[in-house]
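Trainee: Below is one structure. I have some questions about it.
The values are calculated or read from the model by the stated rules, or taken from the named source; none is laboratory data. Just so it is clear, the structure is predicted and the values come from calculations on it, not from any experiment. All Cβ positions, even for glycine, are placed from backbone atoms using ideal geometry, and neighbour counts span all protein chains on display. The area values use the complete protein model at the heavy-atom level, side chains included, leaving out ligands, DNA and RNA. Shrake-Rupley method; radii C 1.70, N 1.55, O 1.52, S 1.80 Å.
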Amino acid sequence: MLGKMKKYLSGVAFLAIFALTFAQSAFASEQPAQLISANLYAYKYGYVAFSGNVEVSNLDYQKKVTIHYTPGDGKWYDTPASYQGPTDSTHEKWNFSVSTYSGDTTNPQLLNVQKVQFAIKYEVGGQTYWDNNNGQNYSVSRYNMSSTILGKPNVLKAFDSLSQNTFSGGVYLKNLDYTKTVKVRYTTDNWNTTKEGYASYYAPANSDGSVQEWHFSFNNIDSGVSQIKYAISYTVNGQTYWDNNYGSNYTVNR
């Protein structure tokens, strides 16, 4: 269905270069709308949530971002995305979330859903652009409690924490090859000095193993440290990709 829709293709590859003041969006390219990540979360009492993040080119002030999805019931539904903030001077981050639970009459199509297929519709300046995964649509299937897929980025922060003397967190990455290295470069003194440590494989992040979850934990943090800034590197097949939060680096506070 969506494979026949008009799409705007980019020939610009993702360039991932670490810099503490990296000003360009981590996922910028010529494609006006791009999936960052999507998640299908299922919990007790029949609770199900389908959510994610999208990056769009800021082509005009007035714009509309919509997620066009099907839970496999033969119908397609639309849910709006909302503006989150700029990722750089020419791109923006938008978020979407739709959910339901047993006994709720809102979004009953998500009850007991096993897989959601979807595409991103971006309307701006009288034009409509689609990110439909090169005509195949995106797909996220139920896997344990939570299932995650990545769009444009090859590596993305999952969570972080600073508690007592431990700095820990999680990372999502595309499973591009068996052999890979994931590092966290961090500072406890606003980049006057830096440290680096490794993350290790934790578990598949979805049912087909296309995305993995890696965890890190550093237990040498002084009790006087109240804030850590960091970025994540992922090296695979001779290439290194960075997630540095759009050039701002990530910040975690005690």
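Trainee: Those residues that are open to solvent by 60 Å² or more (accessible area, probe 1.4 Å) and in contact with a His (Cβ under 8 Å, 6 or more places away or on another chain), I need them from the stretch 158-201; list them, please.
Mentor: Passing the criteria: only S200.
Trainee: What are the residues in the stretch 161-187 that are touching a residue at least 60 places away in the same chain (Cβ under 8 Å), farther than 24 Å from D222 by Cα and in a strand (DSSP E or B), if any? Walk me through it before giving the result.
Mentor: Applying the first criterion (touching a residue at least 60 places away in the same chain (Cβ under 8 Å)) to the stretch 161-187 yields 161-163, 167, 169, 171-173, 176-177, 185.
When the remaining residues are screened for being farther than 24 Å from D222 by Cα, the result is 172-173, 176-177.
Within the stretch 161-187, Y172, L173 meet the criteria.
Trainee: Among the residues of the stretch 113-123, are any within 27 Å of A158 (Cβ to Cβ), of a type in the set (S, T, Y) and modelled with pLDDT under 95?
Mentor: The answer is no; no qualifying residue exists.
Trainee: Report every pair of residues separated by at least 6 positions or lying on different chains whose Cβ atoms are under 7 Å apart, first residue within the stretch 219-232 and touching a residue at least 40 places away in the same chain (Cβ under 8 Å) and closer than 14 Å to T194 by Cβ, second part of a strand (DSSP E or B) and of a type in the set (D, E).
Mentor: What qualifies is A231/D243; I232/D243.
Trainee: Scanning for something surrounded by fewer than 20 Cβ atoms within 10 Å (Cβ to Cβ), more than 25 Å from Y47 (Cα to Cα) and either touching an Asp or Glu at 6+ places or on another chain (Cβ under 6 Å) or among the acidic types (D, E) (or both), does the stretch 116-123 turn up at least one residue?
Mentor: yes
Trainee: Within the stretch 217-231, does at least one residue satisfy the condition of being aliphatic (A, V, I, L, M), part of a loop (DSSP other than H, G, I, E, B), crowded, with 19+ Cβ neighbours inside 10 Å and over 16 Å from the mean Cα position of the chain (by Cα)? Please lay out each step first, then the result.
Mentor: First, the residues of the stretch 217-231 that are aliphatic (A, V, I, L, M): 221, 225, 228, 231.
With the extra rule that they be part of a loop (DSSP other than H, G, I, E, B), the set shrinks to 221, 225.
Narrowing the set further to residues that are crowded, with 19+ Cβ neighbours inside 10 Å leaves 221.
Subsequent filtering for residues that are over 16 Å from the mean Cα position of the chain (by Cα) retains 221.
Yes, the conditions are met somewhere in the stretch 217-231.
Trainee: Starting from residues that are within 16 Å of D208 (Cα to Cα) and among the small types (G, A, S), keep the ones in the stretch 115-149 and report whichever is nearest to the chain's Cα centre (by Cα).
Mentor: Applying the filter and picking the extreme gives S147.
Trainee: Find all pairs meeting these conditions: Cβ atoms under 9 angstrom apart; at least six residues apart or on different chains; first residue within the stretch 78-105 and farther than 20 Å from N244 by Cβ; second residue open to solvent by 90 Å² or more (accessible area, probe 1.4 Å) and assigned to a loop (DSSP other than H, G, I, E, B).
Mentor: Y101/Y43
Trainee: Among the residues of the stretch 60-99, how many are part of a loop (DSSP other than H, G, I, E, B) and surrounded by fewer than 17 Cβ atoms within 10 Å (Cβ to Cβ)? Lay out the reasoning, then the answer.
Mentor: Within the stretch 60-99, the first condition is being part of a loop (DSSP other than H, G, I, E, B), and the residues that meet it are 60-62, 71-76, 81, 89-90.
Keeping just the survivors that are surrounded by fewer than 17 Cβ atoms within 10 Å (Cβ to Cβ) gives 60-62, 72-76, 89-90.
So the count comes out to 10.
Trainee: Which one is farthest from L150 (Cα to Cα), of the residues in the stretch 188-204 that are without any contact (Cβ under 8 Å) to a residue 40 or more places away in the chain and part of a strand (DSSP E or B)?
Mentor: Kept after step one, since they are without any contact (Cβ under 8 Å) to a residue 40 or more places away in the chain, are these residues of the stretch 188-204: 189-190, 192-203.
Cutting the leftovers down to part of a strand (DSSP E or B) gives us 195-198, 200-203.
Details: K195: 27, E196: 25, G197: 24, Y198: 21, S200: 19, Y201: 17, Y202: 17, A203: 15 Å.
Across the stretch 188-204, the extreme among qualifying residues is K195.
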